[in-house]
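The structure under discussion appears below in the form of structure tokens.
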Amino acid sequence: MGETERPEPAAGSLDALFDGYRRFRENAWPELQRRFERLAKGQSPKVMVVGCSDSRVDPQQILDAAGRAVRAEKRRGSRAALRA
């Protein structure tokens, strides 16, 4: 292992999360920056998807509706108060 290399951090550790953020900033951010800046100006989703808090499925991804179109709300046990 060279001087600049370091061991891979344990999955789920803070170091692993920080490494993931660094990868996001290096790889994904340049492409997504404009979209995130638009979203920061305001959102008005027409649909809300309620899912379980431990779900590994991203509703925006499987509905191909990223950004303003869908609000994904995750609740424990999929409990949500419905209001008309």
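The values are calculated or read from the model by the stated rules, or taken from the named source; none is laboratory data. Note that the structure is predicted; figures quoted are calculated from it, not measured. Ideal geometry is used to build each Cβ from the backbone, glycine not excepted, and the neighbour counts take in all protein chains shown.
So, in the range 9-37, how many residues would count as being loosely packed, with under 10 Cβ neighbours inside 10 Å and at pLDDT below 85?
Qualifying residue count, the range 9-37: 3.
What do you reckon, is residue 45 of a type outside the set (Phe, Trp, Tyr) and surrounded by 11 or more Cβ atoms within 10 Å (Cβ to Cβ)?
Criteria met by residue 45.
Go through (1) under 15 Å from the mean Cα position of the chain (by Cα); (2) at pLDDT 75 or above one by one and return the number of the condition residue 53 breaks.
Result: residue 53 fails condition (2) only.
Just give me the residues in the range 22-65 being among the aliphatic types (A, V, I, L, M) and more than 30 Å from residue 8 (Cα to Cα), in sequence order.
39, 40, 47, 48, 49, 50, 62, 63, 65
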